[in-house]
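Worksheet for the structure shown next.
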Amino acid sequence: MLLVLLVITNLQLPFAERVKDFLSDGFHPFLVFMSRVENTFSFLKDRMQGYSGLQAENTELKREISELSGRVANVSELERQNREFRAMLDFKKSTELKLVSAKIIGRDPSNWWNTLLVDRGKVDGIVRDMPVLTADGLVGKTIDVMDNSSRVLLIVDENCRVSGWIKDSGTAGIVEGNILAGGGGAQCRMTFVDRFAQVKTGARVFTSGLGGIFPKDLLIGSVSSVFAGDRNLKNTLYQEFNITPAVDLARIDEVFIGVGVKPVERVKAVPTPPSPNNKPGGH
Amino acid sequence: MNRLFIPFLLVLAIILLLCAQCTFVYRFPVWGAQAQLLPPLLLYAAFTLNLPTAVILGLLASAMFDSFSAGHFGGSAIPYVLSVTLFSGVRPIFFRNRISTQFLSGCVFGFVALFLQWVLSGKVMVGLHVVLPTILHLSLFCGVLSVLYFTVLDFICRMVGVDPGRFEEATP
């Protein structure tokens, strides 16, 4: 043994290197194999140990995702409301009408009426036949007023008739609802329009101010289809159009009730006659 | 207590369904029209309670419905009470617990109630050809709702030990 030990330790360097390399190469596949086995065991061990932790983490992440999704939806809804409120505020500032904001608290349960219930009533100064609108356009008018709530007849109801006119062509007519209303597809129609009037699809219809309920120049909607195109005008007294309301009546949550004209605007609109004491250079 | 359970349950259901109908049901139109939730419930009342109680429930439902609607007060009373009376009268010849009976009765009850509501709403100028498809669609939906109501309400009744099919035979 001592002899072998002495031989090995006294081998010449190049030869010793070759032996070392040979043995190294020979054992390489075993090392690789063992290394892989070790890795696999190590991975399995980690996995076994972390499984319960991962499950808990997964549950927590799912909860967080669900919470964040809820928040995102909330933020989207708040953004939408914010946009609406800003538009309403801008409209309230810019219009000459004195407006009272109202929240929609209910809809008509019947299919034969298109009405809304809003949270403003007699105590808020609301009376019958007041115009109801949003920043986008006309919604309807009040028909029943209780102490703390009012019922609003929508423009898509057949019983609601508004005197309207198309600014582009100067065409006048009566806008009324139709029975195909109720829900998202609600429409109006404009009747008693001069049969020779040239009206294009998309033309915007405004209130004419006649009738005493609706102020002038409130947007009602736009012409969606013209009946006269497929009818012989010689046999008709007037033509009719379908009108798509400017306001999405199925989606509104807040409206304005026009309770009158702003006092300041009224003063501007009706200048006071000059009195004898106020003549220029009178002093 | 047991005798009063079903009427009270139905009063509660009328209030809840009507509030739901006024607040969010319009967002889920059935074939383009607003679903009517009350007629199937009144059918349940007609098939479960005695005639006077069912009629009183019909009147209550009608009063509440009309107070939320723009139609004149009492406009729904005749449709509801007439339908309840009709179905309460023919109840002995029907097998109440069969799904087919519930569905078909719901459809017919819905049609009678909705058609009469339309006739009495003062909007007959619109034309039957426009209204009839809507009424038919809603009647079909009433049939579906009837099956649902019978299943759920019967289940609730049995949970508290009341057999809705035998309510009439209960000793006073």
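The values are calculated or read from the model by the stated rules, or taken from the named source; none is laboratory data. Because the structure is predicted, anything quoted here is derived from the model rather than measured. Cβ sites come from the backbone with ideal geometry, for glycine too, and all protein chains shown count toward neighbours.
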Subset tally (residues that are buried (at least 19 other Cβ atoms within 10 Å of the Cβ), under 18 Å from B:Tyr80 (Cα atoms) and free of Cβ contacts under 8 Å to residues at least 60 places away in the same chain) for the stretch B:127-142: 2
The lone exception for B:Ala61 - which of (1) within 12 Å of chain A (Cβ to nearest Cβ); (2) within 23 Å of A:Asp157 (Cβ to Cβ); (3) not polar (S, T, N, Q) it fails: (2)
The stretch B:4-50, subset in contact (Cβ under 8 Å) with a residue 60 or more places away in the chain and in a loop (DSSP other than H, G, I, E, B), residue nearest to B:Pro164 (Cα to Cα): B:Leu49
Odd one out for B:Val152 among (1) touching a residue at least 60 places away in the same chain (Cβ under 8 Å); (2) surrounded by fewer than 13 Cβ atoms within 10 Å (Cβ to Cβ); (3) closer than 15 Å to B:Ala45 by Cβ: (1)
So B:Ser67, is it closer than 24 Å to B:Leu148 by Cβ and either free of Cβ contacts under 8 Å to residues at least 40 places away in the same chain or hydroxyl-bearing (Ser, Thr, Tyr) (or both): no
Condition broken by B:Trp31, with the remaining ones in (1) touching a helix residue (DSSP H, G or I) at 6+ places or on another chain (Cβ under 6 Å); (2) modelled with pLDDT under 85; (3) over 20 Å from B:Leu145 (Cα atoms) satisfied: (3)
Single unsatisfied condition, B:Leu17 versus (1) surrounded by fewer than 21 Cβ atoms within 10 Å (Cβ to Cβ); (2) within 10 Å of another protein chain (Cβ to nearest Cβ): (1)
Test: residue in the stretch A:41-64 that is modelled with pLDDT of 85 or more and of a type in the set (S, T, N, Q): yes
Some residue of the stretch A:187-208 being under 22 Å from the mean Cα position of the chain (by Cα), on the phi > 0 side of the Ramachandran plot and at pLDDT below 85: no
Subset of the stretch B:64-95 that is within 11 Å of the chain's Cα centre (by Cα) and within 14 Å of another protein chain (Cβ to nearest Cβ) - its residue that is surrounded by the fewest Cβ atoms within 10 Å (Cβ to Cβ): B:Pro79
Failed item, numbered, when A:Val205 is tested on (1) in contact (Cβ under 8 Å) with a residue 60 or more places away in the chain; (2) surrounded by 21 or more Cβ atoms within 10 Å (Cβ to Cβ): (1)
Count - residues of the stretch B:96-123 that are farther than 24 Å from B:Asp66 by Cβ and over 14 Å from the mean Cα position of the chain (by Cα): 6
Pairs with Cβ under 9 Å, 6+ apart, first in the stretch A:93-112 and over 19 Å from B:Leu37 (Cα atoms), second among the basic types (Lys, Arg) and crowded, with 18+ Cβ neighbours inside 10 Å: A:Val100/A:Arg120; A:Ser101/A:Arg120; A:Ala102/A:Arg120; A:Lys103/A:Arg120
Single residue of the stretch B:96-115 satisfying the filter (buried (at least 24 other Cβ atoms within 10 Å of the Cβ) and closer than 14 Å to B:Val81 by Cα) that is nearest to the other protein chains (Cβ to nearest Cβ): B:Leu114
Leading residue by the ranking (nearest to B:Gly106 (Cα to Cα)) among those in the stretch B:157-172 that are surrounded by 15 or more Cβ atoms within 10 Å (Cβ to Cβ) and modelled with pLDDT of 80 or more: B:Pro164
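Could you check the stretch A:184-212 and list, in sequence order, the residues that are assigned to a strand (DSSP E or B) and either closer than 23 Å to A:Phe91 by Cα or not assigned by TED's automatic domain parsing to the domain that holds A:Ile257 (or both)?
Of everything in the stretch A:184-212, those that are assigned to a strand (DSSP E or B) and either closer than 23 Å to A:Phe91 by Cα or not assigned by TED's automatic domain parsing to the domain that holds A:Ile257 (or both) turn out to be A:Arg204, A:Val205, A:Phe206, A:Thr207.
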Some residue of the stretch A:76-88 being surrounded by 10 or more Cβ atoms within 10 Å (Cβ to Cβ) and either among the hydroxyl-bearing types (Ser, Thr, Tyr) or under 30 Å from B:Val130 (Cβ atoms) (or both): yes
Long-range neighbours under 6 Å by Cβ, at least six apart or interchain, first residue in a strand (DSSP E or B) within the stretch A:213-227, second of a type in the set (Ser, Thr, Tyr): A:Gly221/A:Thr244; A:Ser222/A:Thr244; A:Val223/A:Thr201; A:Ser224/A:Thr244
